[in-house]
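Asker: This is the structure, below, for whatever I ask next.
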Amino acid sequence: VGLHNATEKLESGQEVLVDGYNGLLILNPTPDTLWHYGELKHRKEQVAQQLTGLRETKSTTRDGRHIVLSANIELPNDVASVAQNGAEGIGLYRTEFLYLNRATLPTEEEQYDTYRKVAEEVAPHPLIIRTFDLGGDKIACGMEASDEQNPFMGLRAIRFCLENLDIFKAQLRAILRASAAGNVKIMFPMISGLDELRRALAVLDECKAELQRESLLFGSATEVGAMIEIPSAALCADALAREVDFFSIGTNDLIQYALAVDRVNERIANLYEPTHPAVIRLLKMVSDAAHKHDIWAGVCGEMAGDLTMVPLLLGLGMDELSVSASLVPRVKRAVQSLSVPECQRLVTDALELTTPAEILARCTEVAQQHYADLIS
């Protein structure tokens, strides 16, 4: 992606250098270039070795504020990497894999067994299960391929769930039963407003009542959260916060919907800017609303794993960061290098700046000051 006509210029056996950090493909690298990248590789290996010693440490800022550092997973086999990298649980368990590449829909029992095993493996740390986000580019068996002009903004995620209650309730029942262990939380994706959230919560209550009538053990006090991925949800965060136990901000979708930018379209990829002033304000609205109503707010999108953005997110008051398991040691080291007051000053500065480039430069300055070796 993004290489344009590079394959036309390449010849079989030609020497190339791939810089995955900066998105570069270097043809016929000179000896100086090879030496430079060799040194860079050596430094990064040294840093990686140092980071292994952080596994048993807490992600606490220099002034003593603990930031929950969780891992995102997609498959049950990913669970082992959570503890290996020192994460404090699973902040986003994507469940779509259970529905894809198979001939039949998963039964409630199959789902229950899968969720229960993951919950047991990650215990006593929390497991946040996102209800399935089907639709868009993910079509399960039994689903008709969408002829929508824009399926990513169409019948997907919670919208699809509320239109297909039998599938939705089977998953909710399975999650509730798995939550009897006490460490499972439920999260609804793509919530756009209060009515939608209340409909989802009503279905959840129906499932609880059914399980109770059937004398099946379940977690009656299971915490429920809303993913904030749509600008309307961020703008209504004050009302949503009265109904749930936590927010998890999916910055990938929030940014592209707020800026009307398809982040996988290379022709406009430069417009996908996490430091856009509008994005910063939306994040602040969500964090402020959460804390006003005594619930926590986290970030589970790529922004949480971007070391340049970590100071900004801490300054905005985020309580949790959920990232790919492999990024946990780096983010932990970043958190341990920062103090909340300096991060809050960064946010104050960012809110006064007017362009994404200015805000990014300020964030980079803070990150470079405290952990240049991680981002160089």
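Asker: Checking Arg198 against (1) assigned to a helix (DSSP H, G or I); (2) over 21 Å from Asp294 (Cα atoms), which test does it fail?
Answerer: Arg198 satisfies every listed condition except (2).
Asker: Something else now. Give just the number: which of (1) more than 10 Å from Leu307 (Cα to Cα); (2) over 22 Å from the mean Cα position of the chain (by Cα); (3) surrounded by 15 or more Cβ atoms within 10 Å (Cβ to Cβ) does Leu338 not satisfy?
Answerer: (2)
Asker: Sticking with this structure for a sec: Does Ala304 satisfy the condition of being out of contact with any Lys or Arg (no Cβ under 9 Å at 6 or more places or on another chain), closer than 26 Å to Tyr371 by Cα and either at pLDDT 95 or above or assigned to a helix (DSSP H, G or I) (or both)?
Answerer: yes
Asker: Taking the stated definitions as given, is Glu121 closer than 17 Å to Ala325 by Cα and among the charged types (D, E, K, R)?
Answerer: Yes.
Asker: Okay, next question. I'd like the residue in region 180-209 that is touching a residue at least 24 places away in the same chain (Cβ under 8 Å) and among the charged types (D, E, K, R) and, out of all such residues, is surrounded by the fewest Cβ atoms within 10 Å (Cβ to Cβ).
Answerer: Here the answer is Arg198.
Asker: Now for a different question. Taking the stated definitions as given, is Leu105 touching a helix residue (DSSP H, G or I) at 6+ places or on another chain (Cβ under 8 Å), farther than 21 Å from Pro126 by Cα and not aromatic (Phe, Trp, Tyr)?
Answerer: yes
Asker: Taking the residues in region 77-134 that are closer than 27 Å to Glu163 by Cβ and of a type in the set (Lys, Arg) as candidates, determine which candidate is surrounded by the most Cβ atoms within 10 Å (Cβ to Cβ).
Answerer: Across region 77-134, the extreme among qualifying residues is Arg130.
Asker: Ok, one more. Read through the list (1) out of contact with any Cys (no Cβ under 8 Å at 6 or more places or on another chain); (2) at pLDDT 95 or above, then give the number of the only condition that Arg173 fails.
Answerer: (1)
Asker: Just to check your reading of the model, which residue among Val328, Val310, Val323 is within 22 Å of Phe247 (Cβ to Cβ), in contact (Cβ under 8 Å) with a residue 40 or more places away in the chain, out of contact with any helix residue (DSSP H, G or I) (no Cβ under 6 Å at 6 or more places or on another chain) and among the β-branched types (Val, Ile, Thr)?
Answerer: Going through Val328, Val310, Val323 in turn, just one is within 22 Å of Phe247 (Cβ to Cβ), in contact (Cβ under 8 Å) with a residue 40 or more places away in the chain, out of contact with any helix residue (DSSP H, G or I) (no Cβ under 6 Å at 6 or more places or on another chain) and among the β-branched types (Val, Ile, Thr): Val328.
Asker: Condition check: on the phi > 0 side of the Ramachandran plot and out of contact with any helix residue (DSSP H, G or I) (no Cβ under 7 Å at 6 or more places or on another chain). Does Gly64 satisfy that?
Answerer: Yes.
Asker: Taking into account only those residues within region 341-375 that are in a helix (DSSP H, G or I) and polar (S, T, N, Q), which is surrounded by the fewest Cβ atoms within 10 Å (Cβ to Cβ)?
Answerer: Top of the filtered list is Thr348.
Asker: Additional query: Restricted to region 349-371, and to residues that are in contact (Cβ under 8 Å) with a residue 24 or more places away in the chain and of a type in the set (S, T, N, Q), which residue is farthest from Val331 (Cα to Cα)?
Answerer: Thr354
Asker: Only residues that are crowded, with 20+ Cβ neighbours inside 10 Å and assigned to a helix (DSSP H, G or I): list them for region 230-251, please.
Answerer: Ala233, Ala234, Ala237, Leu240, Thr251, listed by residue number.
Asker: Between a residue in region 55-73 that is more than 14 Å from Cys343 (Cα to Cα) and any residue that is surrounded by fewer than 19 Cβ atoms within 10 Å (Cβ to Cβ) and hydrophobic (A, V, I, L, M, F, W, C), which pairs come within a Cβ distance under 9 Å, given they are 6 or more apart or on different chains?
Answerer: Within 9 Å, the pairs are Arg55/Ala83; Val68/Trp296.
Asker: Additional query: Inside region 45-68, can you point out the residues that are closer than 12 Å to Lys332 by Cα and among the hydrophobic types (A, V, I, L, M, F, W, C)?
Answerer: If the condition is that a residue be closer than 12 Å to Lys332 by Cα and among the hydrophobic types (A, V, I, L, M, F, W, C), then Leu51, Leu54, Ile67, Val68 are the ones that fit.
Asker: Something else: Within region 136-164, which residues are modelled with pLDDT of 70 or more and either touching an Asp or Glu at 6+ places or on another chain (Cβ under 9 Å) or closer than 20 Å to Thr107 by Cβ (or both)?
Answerer: Pro151, Phe152, Gly154, Leu155, Arg156, Ala157, Ile158, Arg159, Phe160, Cys161, Leu162, Asn164
The values are calculated or read from the model by the stated rules, or taken from the named source; none is laboratory data. Model, not experiment: these values are computed from the prediction. All Cβ positions, glycine included, derive from the backbone under ideal geometry; neighbour counts span all protein chains shown.
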